[in-house]
1. Tell me which residues, restricted to segment 271-317, are modelled with pLDDT of 80 or more and within 16 Å of ligand 2 (Cβ to nearest atom).
2. How many residues does segment 105-119 contain that are of a type outside the set (D, E, K, R), touching a Leu at 6+ places or on another chain (Cβ under 9 Å) and away from ligand 2 (no atom under 15 Å from the Cβ)?
3. Cβ contacts < 6 Å: first residue in contact (Cβ under 8 Å) with a residue 24 or more places away in the chain, restricted to segment 50-75; second residue within 16 Å of ligand 1 (Cβ to nearest atom) and of a type in the set (Asp, Glu), any location; separation 6+ or different chain. Result?
4. Out of segment 36-59, which residues are part of a loop (DSSP other than H, G, I, E, B) and either buried (at least 19 other Cβ atoms within 10 Å of the Cβ) or not β-branched (Val, Ile, Thr) (or both)?
5. Tell me, which residue of segment 1-35 that is within 13 Å of ligand 2 (Cβ to nearest atom) and over 30 Å from residue 224 (Cβ atoms) is surrounded by the fewest Cβ atoms within 10 Å (Cβ to Cβ)?
6. I need every pair where a residue in segment 222-241 that is within 22 Å of residue 188 (Cβ to Cβ) has its Cβ under 8 Å from the Cβ of a residue that is of a type in the set (Ser, Thr, Tyr) and part of a loop (DSSP other than H, G, I, E, B), sequence separation at least 6 or different chains.
7. Any chance you could count how many residues in segment 100-146 are among the basic types (Lys, Arg) and in a helix (DSSP H, G or I)?
8. Only one of these conditions is not met by residue 130: (1) open to solvent by less than 60 Å² (accessible area, probe 1.4 Å); (2) charged (D, E, K, R); (3) within 16 Å of ligand 2 (Cβ to nearest atom). Which number is it?
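The values are calculated or read from the model by the stated rules, or taken from the named source; none is laboratory data. Owing to the predicted nature of the structure, the values given are computational and were not obtained by experimental measurement. Note: ideal-geometry Cβ built from the backbone for every residue, glycine included; neighbour counts use all protein chains shown. Ligands, DNA and RNA are excluded from the accessible area calculation, which covers all protein heavy atoms including side chains. Shrake-Rupley method; radii C 1.70, N 1.55, O 1.52, S 1.80 Å.
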Amino acid sequence: MLIDSYDRVVDYIRVSVTERCNFRCQYCMPEKPFSWVPKENLLSFEDLFEFLKIAIDEGVKKIRITGGEPLLREDLDKFIKMIYDYKSDIDLAMTTNGYLLKDAAQKLKDAGLSRINISVDSLKPEIAQKIAGKDVLKNVLEGVEEALKVGLHVKINMVPMKGMNADEIVDILEYCKERNMTIRFIEYMENSHASADIKGMKSAELLAHIKEHYEFSDEGFDGHSPSHYFKMPDGYKFGLIEPYEDDFCKKCNRIRLTAEGYLIPCLYFDEAMSIKDFIQRGDIKNAALVLKEVVRTKPEKNRWSESSDEVSTRAFYETGG
Ligand code: SAM
Ligand code: SF4
């Protein structure tokens, strides 16, 4: 079992399979980075899988594939199947912008994927275009429908931004409610890569806005999920992800692996250790030691929760959010 210095059990890994993306979301990657990681520097799916086997053997129970945009990476379904065949009861999930999902959903489901989070920041074509940097809405919504059709368990992520999509919070909530999909509103996390003029909404403002339209009660947290849930009288639940709250990191159970093989203990900080050389040399023992060291050095909490002027320099498209 992997336990950090604050007695938190780490049993969840988010794997970014590529930093590349077909969107240029204003809160994440408004400009193409100066250079992409050369393809030859990426870990192959075989190498990533070798590492994940170690992590699973050490007690990891949940793996989320993310990016950049994970569906840009060829043969993703084969990678998912490798993991599923190794441990079929692993909680195998993915986060995607949905643009390429329509044609991929069935293959992903057949490979063993059970859950998918799709980012839908707007239901208005021109706002979706403004946020993502291109005309994306039709493809994204078709991707959502296909994911539901093939039987994936779908959640929707939205990052509300003032003057951008904040007036769509209720519309997106309704869209999700009608389809019985959970919506999670994610507070915009400031970072040095995002557009400078973004104004995120804090959870109190968001809840006050939703309260103007619905009754709901506070349901608290569901296990180790960072999502704070609220329940409406008809039983529908929506979630809030509140990294600015002081206790957000208290139950954090996750670490992150980048496509280049860096293990990252916390989304906020730049610290990372590479497992690449050990994995490529077949040195399982030392790769496992790096994993344990990264877990040991996991910080107690992020700095979004502190009132500091510092801004995180960690790129979401590298870590997978
Ligand atoms: N490309 C995929 C997508 O957009 O769903 C997966 C990677 S993306 C980095 C994962 C999640 O992080 C998305 O739901 C996205 O909205 C969220 N995200 C990215 N940058 C963020 C930021 N600055 N603040 C809050 N959430 C952010
Ligand atoms: Fe791409 Fe996802 Fe970042 Fe948007 S949030 S730029 S879709 S990685």
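1. 313, 315, 316, 317
2. Final tally of qualifying residues: 6.
3. Here the result reads 68/19, each pair linking segment 50-75 to a residue that is within 16 Å of ligand 1 (Cβ to nearest atom) and of a type in the set (Asp, Glu).
4. 36, 38, 42, 43, 44, 58, 59
5. 31
6. What qualifies is 239/225.
7. Qualifying residue count for the region: 5.
8. Evaluating residue 130 over (1) open to solvent by less than 60 Å² (accessible area, probe 1.4 Å); (2) charged (D, E, K, R); (3) within 16 Å of ligand 2 (Cβ to nearest atom) leaves (1) as the failure.
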